[in-house]
1. Which of the following residues is within 24 Å of ASP94 (Cα to Cα) and either assigned by TED's automatic domain parsing to the domain that holds GLN127 or free of Cβ contacts under 8 Å to residues at least 12 places away in the same chain (or both): SER252, SER259?
2. Filter the stretch 196-210 down to residues that are surrounded by fewer than 17 Cβ atoms within 10 Å (Cβ to Cβ), of a type outside the set (D, E, K, R) and in a loop (DSSP other than H, G, I, E, B), then give me how many there are.
3. Pairs please, first residue from the stretch 151-179 and farther than 18 Å from THR117 by Cβ, second anywhere and assigned to a strand (DSSP E or B) and of a type in the set (S, T, N, Q), Cβ atoms under 8 Å, 6+ apart in sequence or on different chains.
4. For the stretch 40-64, enumerate the residues that are touching a residue at least 60 places away in the same chain (Cβ under 8 Å), farther than 23 Å from ILE159 by Cα and of a type outside the set (D, E, K, R).
5. Report whether or not GLU191 is in a loop (DSSP other than H, G, I, E, B) and surrounded by 13 or more Cβ atoms within 10 Å (Cβ to Cβ).
6. Go through the stretch 243-290 and give me each residue that's in a strand (DSSP E or B) and out of contact with any strand residue (DSSP E or B) (no Cβ under 7 Å at 6 or more places or on another chain).
7. From SER370, SER289, SER327, grab the single residue that is over 25 Å from GLN127 (Cβ atoms), out of contact with any helix residue (DSSP H, G or I) (no Cβ under 6 Å at 6 or more places or on another chain), among the small types (Gly, Ala, Ser) and free of Cβ contacts under 8 Å to residues at least 24 places away in the same chain.
8. Can you tell me which of (1) at pLDDT 95 or above; (2) in the same structural domain as ASP164 (by TED's automatic domain parsing) is the one GLY192 doesn't meet?
Amino acid sequence: MLQHIRLLVLSGAAFIGFSTAAQNNEQYISFSNYQWRVAAAEAVIESYLGREALRLRGGRLIADAINFSDGVISFDAAFSEQQSFIGAGWRAIDDAHFEEMYFRAHLNNEPDALQYTPVENGLSAWQIFHDGNAIAPVSHTFTDWNHVKIVVIGDRADIYYNSDTPALHIPDLKRESTSGAVNLRVTGRGEGPIYFSNVAVRPLQAGDEIVGEAEPPLPLPEGLITRWQVSEPFSEATVATLLRLKASESSSHSWQTSSLESNGIANLAKLTGRTREQDTVFVRQVIRSEAAQLKALQFGYSDRARLYLNGKQVYSGIAGWRSRNFSFMGLVGFFDTVILDLHEGDNELMVAVSETFGGWAWAGAIADRSGIRLLE
């Protein structure tokens, strides 16, 4: 989960190259020949396993002066087996928009030990990207340094983890930006220290290339709906108990058109950010039917969805992380189906989609398009 903690409070700590006289009261630390802006609960340079190392907790360090495009990012990390998310971001246009990889220290050798995700408007999207082109198993060592290398060329990246061959190949980086800053990240509930050393960012050199191969993508459903209208964000409390919408509901909102990711899912965070007070959007589609008939809508979402057809609620569900049981991840796919009872003429489908963290998502498909036409 993305965290930005601006205040660094430490007592009795020894700092090397730490400055508190920065503009806008921001704090910086020099490490591995780079100047890092501190957006973390703790950032301390000390000796660890025989090296100068950075101990980082609860947030990020951002190297604003680096304008990274194509090139190589590498670092070593040391940690214990604990719930921690450790990684790096690149091509950051600001603190809320960048590409990111991280590994889960508590999931040694598990299929999702290593994760790629874009970050849009401050929201990670790991629940949206979970096929073999976004996750991979890796083997951690908890007694020595783990070596990570990220090779980025154009729209692709290879991630090496304690290996001479890529542990993960990313065939399609999801963000449009082609250059930006680099950051380091540690989040999670683990209480043990996490260290970085030998951090390096460099341009491409002879021999640097993308060598990984893409995994087969998950199949898209028949009748995928490729365009949705998305409202501005509002509070989920507005619709929490609503079984019927006002007739004027759709006209009271402003609308943008969503795009789909290659897996058929709309990453709603591309259009808007989320706050605790504004955590919900409406997703809208108008279905023109030649006659009264039933149609099956196959859909997926994160984290919560309320479907309204012609103002009447026809579905309500929760699919967030651990919302159903302790091991439920809330990964998004076309896992649910609702039957739409269409009348002749125009039928308005409005879906209130609410987000907590992990991926603000909506996706839908109607396989049988006979006798209907989508207007949005």
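The values are calculated or read from the model by the stated rules, or taken from the named source; none is laboratory data. All values derive from a computational prediction rather than experimental measurement. No Cβ is skipped: glycine too gets one built from the backbone with ideal geometry, and neighbour counts run over all protein chains shown.
1. Working: SER252 fails: within 24 Å of ASP94 (Cα to Cα).
One residue alone meets the criteria, SER259.
2. Number satisfying all stated conditions: 5.
3. Close Cβ pairs (under 8 Å, with a partner that is assigned to a strand (DSSP E or B) and of a type in the set (S, T, N, Q)) amount to ASN162/ASN146; SER179/ASN67.
4. Correct list: ALA40, TYR48, LEU49, GLY58.
5. Details: in a loop (DSSP other than H, G, I, E, B): yes; surrounded by 13 or more Cβ atoms within 10 Å (Cβ to Cβ): no.
Answer is no for this residue.
6. Kept after step one, since they are in a strand (DSSP E or B), are these residues of the stretch 243-290: 244, 255-257, 266-267, 280-289.
None; the set is empty.
7. So the residue among SER370, SER289, SER327 that is over 25 Å from GLN127 (Cβ atoms), out of contact with any helix residue (DSSP H, G or I) (no Cβ under 6 Å at 6 or more places or on another chain), among the small types (Gly, Ala, Ser) and free of Cβ contacts under 8 Å to residues at least 24 places away in the same chain is SER370.
8. Answer for GLY192: the failing condition is (1).
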